[in-house]
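Single-structure report; data block below.
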Amino acid sequence: MKKSATLAFFTSVVLFCVALCAVVILGILEFSTIIFVLVFAVSIIVFILRLTIYEMAENIRAREE
């Protein structure tokens with residue numbers, strides 16, 4: 001779980017920085033809330049997918065033993 005959370009955290013940090021720069025540079029204040037909600041959603045999706053992959057790999061290794 002730690003690896004999945006770490007990846008999701010760094011994904012959100014990078015995407016928040018990119019989104020913030022895009023909002024500031026382009027001046028799109030109307031869509032800023034939507035952009036930040038999407039960044040949060042992407043980080044949650046990354047966490048869920050990565051956690052699922054780790055669990056599947058663990059189950060496969062458990063079956064082989």
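The values are calculated or read from the model by the stated rules, or taken from the named source; none is laboratory data. Keep in mind it's a predicted model, so treat the numbers as computed, not measured. Neighbour counts are summed over all protein chains in view; Cβ atoms, including those assigned to glycine, are modelled from backbone coordinates with ideal geometry. Protein only, heavy atoms only, side chains kept; ligands, DNA and RNA dropped before computing areas. Shrake-Rupley method; radii C 1.70, N 1.55, O 1.52, S 1.80 Å.
Applying the set (1) part of a helix (DSSP H, G or I); (2) open to solvent by 60 Å² or more (accessible area, probe 1.4 Å) to GLU30 leaves exactly one unmet item: (1).
Which residues, counting only those in region 49-65, are open to solvent by 50 Å² or more (accessible area, probe 1.4 Å) and either in contact (Cβ under 8 Å) with a residue 24 or more places away in the chain or touching a Lys or Arg at 6+ places or on another chain (Cβ under 9 Å) (or both)? Passing the criteria: ARG50, TYR54. Which of the residues that make up region 12-27 are open to solvent by 70 Å² or more (accessible area, probe 1.4 Å) and outside any helix (DSSP H, G or I)? Scanning region 12-27 gives no hits.
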